[in-house]
1. Examine the range 162-172 for a residue that is at pLDDT below 95 and either within 21 Å of ALA32 (Cα to Cα) or outside any loop (DSSP other than H, G, I, E, B) (or both), and state whether such a residue exists.
2. What is the residue count in the range 173-232 for residues that are in contact with a Lys or Arg (Cβ under 7 Å, 6 or more places away or on another chain) and either surrounded by fewer than 17 Cβ atoms within 10 Å (Cβ to Cβ) or of a type in the set (D, E, K, R) (or both)?
3. Does ALA74 qualify as being among the aliphatic types (A, V, I, L, M) and at pLDDT 95 or above?
4. Any chance the range 132-153 includes a residue that's within 19 Å of the chain's Cα centre (by Cα), modelled with pLDDT under 90 and assigned to a loop (DSSP other than H, G, I, E, B)?
5. Specify which of the listed residues (LEU231, LEU193) is farther than 30 Å from PHE49 by Cβ and over 15 Å from the mean Cα position of the chain (by Cα).
6. If you check SER248 against the conditions, is it among the small types (Gly, Ala, Ser), assigned to a loop (DSSP other than H, G, I, E, B), surrounded by fewer than 16 Cβ atoms within 10 Å (Cβ to Cβ) and without any contact (Cβ under 8 Å) to a residue 40 or more places away in the chain?
7. Hey, can you tell me all the residues within the range 173-189 that are assigned to a loop (DSSP other than H, G, I, E, B) and over 12 Å from the mean Cα position of the chain (by Cα)?
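The values are calculated or read from the model by the stated rules, or taken from the named source; none is laboratory data. Quantities reported herein were computed from a predicted structural model and do not represent experimental measurements. Cβ atoms come from the backbone with ideal geometry, glycine included; neighbour counts cover every protein chain shown.
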Amino acid sequence: MTFVVVLFVGGAGLCSSLLMQWREKARSVECANRLKQIGLALHNYHDTFGMFPPAQMIGHSWRVRLMPFIEQSAFIERYRFDEPWDSNWNHELETKPGPDKTGKLRGGEDETGIRYSVAYHWWQCPRDRDATSPHTNYLMLVGPHAFGRQEGGIKLNDITDDHATTIAVAEIASHEIDWLEPKDFDGETMSMLLNDPSPMSLSSRHPTGVWVVFCDGSVDALSPDLPPEVLKAMITIDGGEKIVRDDSALGRYRLANVAEESAPKQPE
């Protein structure tokens, strides 16, 4: 009987562990899909306006301006750009019901009385969601040599580094930034260590790494052991660094050495 009980308890523990792993994998995939949608929306914005959105425009975040490009025009039609981002109207709009493309409400109370935030549906990592919080887990990289600029958006041709290894948007595990707030990563002052306890570092609650959107719209999870010098190179859009995807390297990315950069390309 004891043997049977031990097997039962051990099997239950294994099932519980596998279930947790499955749930985390599902959350990680959903997070990647959300960021893919953001990357696609950024490129659709560029196709429409001839440039990517600036980090903030007249005091309002790029995240708000991207809403029509993630099929949330109903929100931006009611948002008041002539008021501060944190005005009473805009703050209350964050949890007012609004229809999405399927007619379902996004934001507002559900049948239990919980006032779901718009951020919960669009701007929070599935691993880090809070139904009633307006916080965002997705920030733009901003600075004089980064993807985002405080005023005026850049064009695709302004990005002279490899678009597939230059970061546009990344995760943060902090709950301190409202998605409506025109605040993002400062590429000049932020920590270059992933998951640094500092509030301004690329960070995630996913154990496998930090999801980012590259300038070509692709996404990848950066391993927590990515060297700071490689991350710094990934943030600049015109630094001239050559970054190589290498699964054997720390963080799965490394800077190309001089010999690699100077070697002639082999014909395909």
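1. No.
2. Total satisfying the criteria: 2.
3. no
4. Among the residues of the range 132-153, at least one is within 19 Å of the chain's Cα centre (by Cα), modelled with pLDDT under 90 and assigned to a loop (DSSP other than H, G, I, E, B), which makes the answer yes.
5. From the options LEU231, LEU193, the qualifying one is LEU193.
6. When the stated conditions are applied, SER248 passes them.
7. SER174, HIS175, GLU176, ILE177, LEU180, GLU181, PRO182, LYS183, GLY187, GLU188, THR189
Residue-wise test of (1) of a type in the set (A, V, I, L, M, F, W, C); (2) at pLDDT 95 or above; (3) part of a loop (DSSP other than H, G, I, E, B); (4) over 23 Å from HIS43 (Cβ atoms).
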position	(1), (2), (3), (4)
SER191	no, yes, yes, yes
HIS206	no, no, yes, yes
GLY217	no, yes, yes, no
GLU229	no, yes, no, yes
ARG254	no, yes, no, yes
